[in-house]
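Coordinate-derived values only; no laboratory data. Here the structure is a predicted model, which is why all the values come from computation and not from measurement. Heads up, the Cβs are rebuilt from the backbone with ideal geometry, glycines too, and the neighbour counts pull from every protein chain shown.
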Amino acid sequence: MNETPVVPESDAPTGAPTANPASGRADLRPENINDAVIRLAGNSQDGIQSAGAFLARLAGRSDQDVMTYMTIPSTISGGPSLFQVRIGTGEVLSSGDEADFLVAFYQHSYQDNIDFLKEGGVLLYDSDNVEPNLDDKRFVYVGVPITGLTVEALGGTAKDKGKNIFILGLIAKIFSLDVEKLKRLISEKFAGKDESIVNTAMMAFQAGYAYPVGKILSHHYQFEKVARKPGARAQITMDGNQAIAYGLIAAGVRYGAGYPITPWSSIMEILRSELPKYGGLFVQAEDELGAVSLALGFSFSGYLAVTGSAGPGISLKTEAIGWASMAEMPLIICNIQRGGPSTGLPTNVEQSDLHQAIFGGHGDSPRVVLAASTVEDCFYIAIEAARIARKYSTPVFILSDTSLATRIEAFDEPDLSKLMIDPKPDLTPRASGFKPYDIERITQHVPPGARMIDGKYPLVSGLEHDEMGHPTGSPKLHMAMTAKRRKKLQKLAEEIPVPEVYGDQKGDTLLVGWGSTYGPIHDAAKLAREQGEKIGSLHLRHIHPLPNGLEKIFAKFKRIVVVEMNDQGVYGFGQLATILRARYCEPKIESVTKTDGLTFRVKEILEGVFKRSFADKKGRRDSPKRPLSGNGTGQDVDLARAEVIPQGIG
Amino acid sequence: MSETTTATPPAEIPREKLTKKAITADHPTWCPGCGDFAVLASYYKVIEKRQLDHEKIVTLAGIGCSSRFPYFVNGFGAHFIHGRAVPLASGISLARPDLNVFLFGGDGDGFSIGGNHLEHGARKNINLVYFIMDNFVYGLTKKQTSPTSPIGFKSKTDPTGAIDMPVNPMKKLISAGASFVARTHATQVNHMIQMIERAMDHPGFSVIECLSECVEFFPDVFDPADPRKGGSFEVIQERKWDNTPEDEMRHDVTDELAAYKLAQLPFPGVFGVFYQSDRPTKNALEKKWIESSREKTGNASDLELLQKTFDRMK
Ligand SMILES: Cc1ncc(C[n+]2csc(CCOP(=O)(O)OP(=O)(O)O)c2C)c(N)n1
Ligand code: SF4
Ligand SMILES: [Mg+2]
């Protein structure tokens, strides 16, 4: 890594108040590290998201693995906000249960987050605003007058805006980060803006970098270098919503419509400004019913379209999605899940819309449901959704959630030259005898503008219809058409690959998950194996229909434990567990669920699965009690929530 | 719908003259005597007269007796869900300027459950023709009060007579920003055809309210505007701009306030074009934005564009 300091240490601002003395506890970790969790805690106007994002981007550029975690900042300025970056030189799958390094801007940031700091971890705090309990000898304390020094560095007008970049400089020093790459990232970020903004940012960065932190902290750290494998592709860094939006673009989706709601909005914002560049269009509709109807209009016209929302808006779209199922119209519906029901927990994470996706709506209305497991998977699942929607002329749900939407990961750049799909509608004339709802075939929607050689034009209909799309009340036809719509999902199930089992291929316990819990479930299996358990994990992307052959995997394990972020339900099983039990009639399928609105921590999963406390090998102290429930053993929910939910987002 | 007239048919397939027979599908399921038959007949006439390309006619509807319309037309079409056909039609119109988008529906479909969509379709000035068969009642569900039922109308949901003030369709449409607002009567076929044609020729959200009798559940209600039943069908005299003193007395269709005054007249009121404005359509505005966005990219290919975006994320 680049060792050249931006400013020699002797240039450090004079008169900087001396930092608090270290707690006396020496920081014993090695200088060469391969994994670090850095948590930044402040208020929403402090720009800690962008500081964290710079770190994530830098890691991505350095071919390191990275994952972030954030709370959605409140729209009302001043709400508490945090951003956590985990940088690793191996495989990083979860954003980390505990932080190695906590930056606290305010007293509340310190109080709310100190429980997440690992024993022996470093608390870096703004000594202008925070008074930590130095008697707590578990941590290493580094007090820096962040506010004062930032104001000093930038002059009075900027106030303390720039603290985030100051901290970035400080972190760059402590972790020996590549300063040149970081500076390039900063100037790229502000490119096109007033030059003075770039200069101000650089000044703040240099002030942070030049701070003599070495006097307090015994040493600096350095990430082990990762050499890019020969022929490996560069990494790109983005959040889950960006990955869905760009995945849709790669998949040839050029039209869509939506209505704003957290945490879906950024997808529609991206598509609204990006699609016109590709000759397409995204429309902000008057409401979600309008949005799904517009999207169906686009699909009808020959361009596979997307709509999306979070739970409340998906509830509104339900009738039209049923129409898409009946009329056999291709459509992609994104549900970026948050806590429900109703307005629920707008900025927290939950996986409680699975049944709504599969069953939401009246009548037998088959549709496809996919769930993305990582940010990278958000990109590829969008492509898979488009493929299925076109091939089977059907509505397809993409389930994501708050945690995927807001976290940033680096992943191998997709090979676009192999992925891009041409969106043009097929207007070639259709031969005589064409039937839009041919009983023998999988329906293929024909867009207007295609000539029908026999002069008979197809209708799409929400009424039960005959093969030409005309209404029928015939019981025979309703049975045949209901079966036709169901059979195409059975056909799809045949072509879905069976997911690979991670860890033990047979044994005592199989963890099963779906969606954003992939990382912590995988890490839980890994940790338990290290401690001698015979355990594997399986993650589902295609949830409805399920791939064929899962029963063969289930047969190899004594317990099947489905881990998901939703309630255990009236009968003691979470939503996926309920479906798997119904599908396989398998009594050994159990459930571990939770509803605290936060992502799973590895330890929570293990404690839920094995009903005993788990400390990892590194001797991490026990985490504060988190509400957790297994089937029949649900504990009372801890009402004193550790994290503050920002208000002002609906 | 002025942007929609150019057609580029595949040269190989010869095109026959579009006849009424070619565009007729199922026999209508309406009750004998229902006003909607005449609307269908007028639609056939217009299509025949204009000789539109068969594959570029799109007939859409929501739910209701009137909304059964697409089944009776042999052409591309969709029978959608109750009240949401305006955004469906908007999607088609925005993505495919080459198509002729016709939307049919009833008073409940358009002014009640679909009221918000109607307002926003109008506000956005989406280029399409929307024909509303207003029978002052819910026909398909058999005689409940509709948003246009007059006060005192005895329905199954108001057995002692409707009490809620009815919607005034002309006022609602004008204030929502519809750029072509007209009113006609199903017994006046020539007038109806004229209105449909003018709506087609108008670029923008063109709405026609047509009094169309439900013989089953609200018979004779429109007789006061039917000369054959002793009523009078009073047509709006539009300004000809011929500098004559009589012209001063005529209606200026671009005058919103004057249109509003006409809409105030007591039932059965007047018929014809109430309001017309040539403000830009969403279709045109979005097209402009798309074109300038494409230009800014140097008309790059899809692959180049997305690759560039990814390069910025490295
Ligand atoms: C969501 C929904 N709500 C209610 C209905 C039942 N429904 C069908 S048509 C209709 C009213 C139709 O009235 P109008 O639009 O005036 O059409 P008309 O039958 O009078 O031509 C109703 C309430 C439905 N199909 N869908
Ligand atoms: S019920 Fe009324 S509106 Fe419906 S078809 Fe019969 S007459 Fe026409
Ligand atoms: Mg009606």
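Below is a table of values for the structure above.
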| quantity | calculated |
| --- | --- |
| C-alpha long axis of helix A:311-327 to longest principal axis of chain A, angle in ° | 30 |
| Exceeding the 22 Å Cα-Cα cut-off - candidates A:391/B:282; A:189/B:314; A:118/A:506; A:137/A:611 | A:391/B:282; A:118/A:506; A:137/A:611 |
| Least to most buried among B:235, A:253, A:369 (fewest other Cβ within 10 Å first) | B:235, A:369, A:253 |
| Distance (nanometres) between label positions extended 7 Å along Cα→Cβ at residue B:294 and residue B:260 | 4.1 |
| Karplus 3J(HN,Hα) series, Hz, for the range A:425-435 with 6.51 cos²θ - 1.76 cosθ + 1.60 (x for Gly, Pro) | x, 8, 9, 5, x, 9, 5, 4, x, 5, 10 |
| Cα principal axis extents for the range B:161-265, largest first, Å | 47, 31, 26 |
| Violating pairs (Cα-Cα greater than 24 angstrom) within the set A:193/B:288; A:183/A:418; B:21/B:56 | A:193/B:288; A:183/A:418 |
| Sequence-distant residues sharing a close amide H with residue A:103 (under 5 Å, placed H) | A:39, A:40, A:41, A:124 |
| Förster radius 22 Å - calculated FRET efficiency between residue B:41 and residue B:154, Cβ distance, rounded to 0.05 | 0.10 |
| Relative contact order %, chain B, counting alpha carbon pairs below 8 Å whose residues are six or more apart | 16 |
| Amide H within-cut-off set for residue A:410, under 5 Å, with H built and near neighbours excluded | A:66 |
| Least to most buried among A:591, A:265, A:461 (fewest other Cβ within 10 Å first) | A:265, A:461, A:591 |
| Neighbour net charge for residue A:240 - beta-carbon separation under 10 angstrom, K R +1, D E -1 | -4 |
| DSSP H segments from chain B that extend 30 Å or more along their own axis, Cα-based, with Kyte-Doolittle mean of -1.0 or above | none |
| At R0 = 56 Å, FRET efficiency that the Cβ-Cβ distance of residue A:176 and residue A:486 yields, to 0.05 | 0.40 |
| Value of relative contact order over chain A, rounded to a whole percent, pairs C-alpha under 8 Å and six or more apart | 13 |
| Cα-centred dipole magnitude for the protein assembly as shown, charges only on beta-carbon of K, R (+1) and D, E (-1), debye, nearest 20 | 1820 |
| Volume per residue that the Cα convex hull of the protein assembly as shown spans, once the total is divided by residue count, Å³ | 202 |
| Spherically averaged projected area of the range A:236-419 from its Cα convex hull (nm²) | 9.2 |
| Residue order, fewest to most beta carbons within 10 Å, for B:151, A:398, A:383 | B:151, A:383, A:398 |
| For the range A:146-151, Karplus couplings with θ = phi - 60° (6.51, -1.76, 1.60), whole Hz, Gly/Pro x | 4, 4, x, 5, 5, 4 |
| Amide H contacts under 5 Å for residue A:444, placed H, 5+ residues apart | none |
| For residue B:295, net neighbour charge (Lys/Arg +1, Asp/Glu -1) across residues whose Cβ lies under 12 Å away | +3 |
| Segment residue A:342-residue A:431, length gained on full extension (0.36 nm per residue, minus Cα span) | 27.1 nm |
| Of the trypsin sites (Lys or Arg not before Pro) in the range A:268-335, those whose Cβ has at most 12 other Cβ within 10 Å and which sit in DSSP loop | none |
| Between helix A:288-300 and chain A: long-axis angle, C-alpha atoms, 0 to 90°, nearest 10 | 60 |
| Charge sum, other residues only, whose C-beta stays under 12 Å from residue B:157's C-beta, Lys/Arg counted +1 and Asp/Glu -1 | +2 |
| Approximate spin-label separation residue A:35-residue A:456, in nm, with each point projected 7 Å along Cα-to-Cβ | 6.5 |
| Positive-end residue, the range B:206-301 charge dipole about Cα centroid, Cβ charges, pick of B:212, B:232, B:292 | B:292 |
| The range B:108-228, relative contact order in percent, only Cα pairs under 8 angstrom and at least six apart counted | 30 |
| Lysines whose Cα lies under 28 Å from that of residue B:142, excluding same-chain neighbours fewer than 8 positions away | A:317, A:476, B:154, B:156, B:171, B:172, B:229 |
| Mean shadow area of chain B over all directions, Cα convex hull, nm² | 21.1 |
